[in-house]
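Trainee: One structure, pasted below without further comment.
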Amino acid sequence: MLLGALCGTLILGCGSTASPTPAGSSGSGPTASAGTPDLGAARLQQVLTALGKGYAFDATVKVGGTVATEAKGRWVGGASQFVLTSSGRSVTYRSVPPDAWVQQGDGSWIATQGSVPSGDPLAAFTSPLSVQTAGTLTDLTATYAPSTLGLTGTDPVAVTVHLGADGSMTVTYATNSAAGPATSTTTITPPTDSTPILAPGATPAPS
């Protein structure tokens with residue numbers, strides 16, 4: 001299957017089945033805590049909208065405090081290129097939906113067969129069930145349905161969200177996996193490279 005949430009994918013890639021940490025009851029949409037109605041949700045939506053134009057990302061999963069899997073790359077206009085590292089082995093993927101390729105040792109690309117990890121981790125965080133803030137608009141707690149994070153279970157997952165002054169966001173959540181306690185952290189930043197990501201051999205359109 002195409003994996004819609006890269007962070008959840010990373011945990012599953014460790015050979016484990018993760019269960020989300022309970023975070024209370026779910027709501028019908030993004031809400032904010034009492035005292036700051038809508039401010040946290042609005043600020044988060046503002047950052048998500050800006051990053052939706054293109055971004056760089058670095059997603060890691062730690063098991064027992066050690067990095068088990070990392071995906072690092074960029075997403076532009078629906079296409080992505082990223083390096084997925086797990087068990088000491090790194091693979092570079094390029095995805096231009098509905099097609100995807102993997103880079104060979106000589107630099108060439110071959111079309112993939114079967115499932116490919118998603119290169120759009122931001123998509124997993126665009127629809128929180130609720131958003132809470134303790135008085136600042138830089139550190140929030142959002143809850144998500146486990147399925148949106150690539151996890152099993154029914155209880156909402158509590159995710160800590162730090163919004164940076166540079167327009168970045170860092171999201172972290174903990175789970176219990178077959179390999180032990182796991183922590184997923186994804187940092188998403190405005191891109192330093194907005195060059196279109198094209199299929200191998202494709203020619204950029206005239207500007």
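The values are calculated or read from the model by the stated rules, or taken from the named source; none is laboratory data. Since the model is a prediction, treat every value here as computed from it, not as a measurement. Because the Cβ atoms are built from the backbone with ideal geometry, glycine has one as well, and the counts that use them run over all protein chains shown.
Trainee: Return a yes/no flag: does region 144-155 have any residue that is at pLDDT 95 or above, polar (S, T, N, Q) and in a loop (DSSP other than H, G, I, E, B).
Mentor: No, region 144-155 contains no residue that is at pLDDT 95 or above, polar (S, T, N, Q) and in a loop (DSSP other than H, G, I, E, B).
Trainee: Is there any pair with a first residue in region 42-55 that is farther than 17 Å from Gly135 by Cα and a second that is charged (D, E, K, R) and not in a helix (DSSP H, G or I) whose Cβ atoms are under 8 Å apart and which are 6 or more apart or on different chains, and what are they?
Mentor: Pairs that qualify, where the first residue is farther than 17 Å from Gly135 by Cα and the partner is charged (D, E, K, R) and not in a helix (DSSP H, G or I), are Gly54/Arg74; Tyr55/Arg74.
Trainee: Would you please list the contacts, defined by Cβ atoms under 9 Å and residues six or more apart or on different chains, that run from a residue in region 106-118 that is over 18 Å from Gly73 (Cβ atoms) to a residue that is among the small types (Gly, Ala, Ser)?
Mentor: Ala111/Ala100
Trainee: Taking Gly40 and the conditions (1) closer than 16 Å to Leu163 by Cβ; (2) part of a strand (DSSP E or B), which numbered condition does it fall short on, given that it satisfies the others?
Mentor: So Gly40 meets the others, but not (2).
Trainee: Quick one: would you say Val91 is touching a Leu at 6+ places or on another chain (Cβ under 7 Å) and touching a residue at least 24 places away in the same chain (Cβ under 8 Å)?
Mentor: Against the criterion (touching a Leu at 6+ places or on another chain (Cβ under 7 Å) and touching a residue at least 24 places away in the same chain (Cβ under 8 Å)), Val91 does not qualify.
Trainee: Output the number of the condition that Ser127 fails; it satisfies all remaining conditions of (1) part of a loop (DSSP other than H, G, I, E, B); (2) more than 12 Å from Leu44 (Cβ to Cβ); (3) small (Gly, Ala, Ser).
Mentor: Every listed condition holds for Ser127 apart from (2).
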